[in-house]
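Everything below concerns the one structure shown next.
The values are calculated or read from the model by the stated rules, or taken from the named source; none is laboratory data. The model shown is predicted, which means the values in this text are computed figures rather than measured ones. All Cβ positions, glycine included, derive from the backbone under ideal geometry; neighbour counts span all protein chains shown. Just the protein is used for accessible areas: all its heavy atoms, side chains included, with ligands, DNA and RNA removed. Shrake-Rupley method; radii C 1.70, N 1.55, O 1.52, S 1.80 Å.
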Number of protein chains: 2
Amino acid sequence: MMQIKITNGENLPNIPWQEKPEGLTGAPVWRYTENPVIKRNPVEGVARIFNSAVVPYEGAFIGVFRGEQVNGIPYIYLGRSENGIDWTFDKEKIHFVNEKGEEFEPVYAYDPRLVKIEDVYYIIWCGDFYGASIGLAKTTDFKTFTRLENPFIPFNRNAVLFPRKMNGNFVMMSRPSDSGHTPFGDIFLSESPDMVYWGKHRHVMGKGNEWWDAVKIGGGSAPIETSEGWLLFFHGVTGTCNGLVYSIGGAILDVDNPSIVKYRCENFLLTPQEWYEERGFVGNVCFPCATLQDSDTGRIAIYYGAADTYVAMAFTKVDEVVDYIKTHSKLTESDIELGIR
Amino acid sequence: MMQIKITNGENLPNIPWQEKPEGLTGAPVWRYTENPVIKRNPVEGVARIFNSAVVPYEGAFIGVFRGEQVNGIPYIYLGRSENGIDWTFDKEKIHFVNEKGEEFEPVYAYDPRLVKIEDVYYIIWCGDFYGASIGLAKTTDFKTFTRLENPFIPFNRNAVLFPRKMNGNFVMMSRPSDSGHTPFGDIFLSESPDMVYWGKHRHVMGKGNEWWDAVKIGGGSAPIETSEGWLLFFHGVTGTCNGLVYSIGGAILDVDNPSIVKYRCENFLLTPQEWYEERGFVGNVCFPCATLQDSDTGRIAIYYGAADTYVAMAFTKVDEVVDYIKTHSKLTESDIELGIR
């Protein structure tokens, strides 16, 4: 196996971790044995927490969590953890302000991602902008959360920021959709010099030729910079007579031109099979939203929503998972091209 | 009647024109008696020209035309006219280059608009960007057509530029959609300092409460600056058991904050009733894409696609049509608000 490394230089010795179990077959991604890590009714007034994102913070961990309130409306809740596994949540949902400091709450907010770029933490979610679209806010202290301009007009979901600027610009992936349970979906990226105006849009990759991701795909966790390119965990969706099934896929994007896909794994990395993935508010969903990683050891902890009901974790090592993606890579023309028409 | 004027200061004494016929009832918009002005098979290899836009140019008129080729694929063709009514077309479709001057043709291109801003002519169309989206190009001489960055990720149609910058920014309206015959649609606007990056998106107005525009709406011709605000002709769509019906509507947008609708006419201004509007490739379509106007007299000539088959013209006067829109205005909360969530 080649020497494949995480190249962002950030060490995380306290990363949550379990070694690979004996006898694992298929993709080198294994579930945490004590899953799910966040269970039903995690906080008063919230029925379920899932599809959520975490980062290291002040020697411990902090995160933004999709909390489905008992009225069914999703908002974002702040959570903290010493070990990345056991979480405590603020009872109040996160309050947002506009750039003047005035209260400016989203109508609703779901599937948040959390990405640190140059000492600022950005929260990206799906909200209502006269239709499903991307909301964006920043914080430096996890006390004040300042909303920025909505980057796009509807309809759009699954936005993820890259963890560093490229060519001086912020880079965001997103997944244009329609106003419902969108029966299509490709991943695009867009650049911004200032987080106000976005452009230079490029197509990254489309729904797959394989069956497991044939309906639509969407960005998952923030890409991880590796010696082979940007490692992206995404979700791929297939359709059945009884609804959609969400699996976790993996791809490697060109490090300088991330709209070019270098490798794309033809097999899912993780697909619903455990009770907490198959059963719940929306059964058969594994939906990755964040990772933690340790450059030193190459360890990666994946946080994923399970059945729109729980947060679960899985583990992998960068060399093993990148090698698996490369070994099982199958690319289409729309993957390898620059993505401009 | 109040003194309502076109305030862009541009006179067009040779505007095509017919006086209002005796006995006109309803909205003060009347058809050209010799409609359609562009008939079937207008040029070799093109079956139909419709949904097209024109501007005054060098004492005559020039335009960009949706030409449906005999293979069914739409492209944009250049046309010229001495009187704005009788048109001759280039046999070759317009060729586009990128900013390096290299050939860069759209996969297809339809429903072009043509707007002059500060001595540059911008063409905006709906093209394929891995899904229906907005294409954008500029020209100063109608010989070289240089494509700019696609302003938005899919899915989007019916983009129209305002004819001047506001607060130093270009302003574009568009209508987010889905990947098919979209069963919904509101008008948004977006700003750009440079025609590369777009942001500060705002919701302008949604599909109507009235039946004639209950399914979706979309921008039509470039807004006309008047003493009452921006006069916008748009299309409104209703659904029937036998398909969609496209009518022409009218609204007045705030001159400084055009995401705020000041008046919105509850009645259509023009709806399919003539043979060339009711019959054709797509029957029951009146689809406005351009106007000519004369500040001096307040005359407005509307160019609209008829039944996805012909170009037709209609006339109005600014004072009469604005007065009609104001008199029959009915606004919803989403019309009058700033349009940010």
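General observations
- Top-ranked residue of the range B:141-182 - restricted to ones that are under 30 Å from A:THR182 (Cβ atoms) and among the polar types (S, T, N, Q), ranked as nearest to the chain's Cα centre (by Cα): B:ASN158
- Tally of residues being crowded, with 23+ Cβ neighbours inside 10 Å and among the small types (Gly, Ala, Ser) across the range B:172-184: 2
- Among the residues listed as A:PHE152, A:PHE142, A:PHE65, A:PHE89, the single one being within 14 Å of chain B (Cβ to nearest Cβ) and open to solvent by less than 50 Å² (accessible area, probe 1.4 Å): A:PHE152
- Going through (1) surrounded by fewer than 24 Cβ atoms within 10 Å (Cβ to Cβ); (2) within 19 Å of B:GLY236 (Cα to Cα); (3) at pLDDT 95 or above; (4) more than 10 Å from chain A (Cβ to nearest Cβ) one by one, B:ARG164 falls short only on (2).
- Selection within the range A:197-223 - away from chain B (no Cβ under 14 Å) and either aromatic (Phe, Trp, Tyr) or surrounded by fewer than 23 Cβ atoms within 10 Å (Cβ to Cβ) (or both): A:ASN209, A:GLU210, A:TRP211, A:TRP212, A:ALA214
- Residues satisfying the stated conditions in the range B:183-196, i.e. under 24 Å from B:VAL120 (Cβ atoms), at the interface with chain A (Cβ under 7 Å from one of its Cβ atoms) and over 17 Å from the mean Cα position of the chain (by Cα): B:SER192, B:PRO193, B:VAL196
- Scanning the range B:322-335 for residues that are at pLDDT below 95 and either open to solvent by 50 Å² or more (accessible area, probe 1.4 Å) or within 11 Å of chain A (Cβ to nearest Cβ) (or both) returns B:GLU333, B:SER334.
- The set of residues from the range B:51-86 being of a type in the set (Phe, Trp, Tyr) and farther than 20 Å from B:PRO13 by Cβ comprises B:PHE65, B:TYR75, B:TYR77.
- Scanning the range A:120-131 for residues that are surrounded by fewer than 24 Cβ atoms within 10 Å (Cβ to Cβ), of a type outside the set (A, V, I, L, M) and more than 11 Å from chain B (Cβ to nearest Cβ) yields A:TYR121, A:TYR122.
- Residue selected from the range A:1-44 under the condition aliphatic (A, V, I, L, M) and open to solvent by 50 Å² or more (accessible area, probe 1.4 Å), by the criterion modelled with the highest pLDDT: A:LEU24
- Meets criteria (closer than 17 Å to B:SER190 by Cβ, surrounded by 21 or more Cβ atoms within 10 Å (Cβ to Cβ) and within 15 Å of the chain's Cα centre (by Cα)) for A:ILE134: yes
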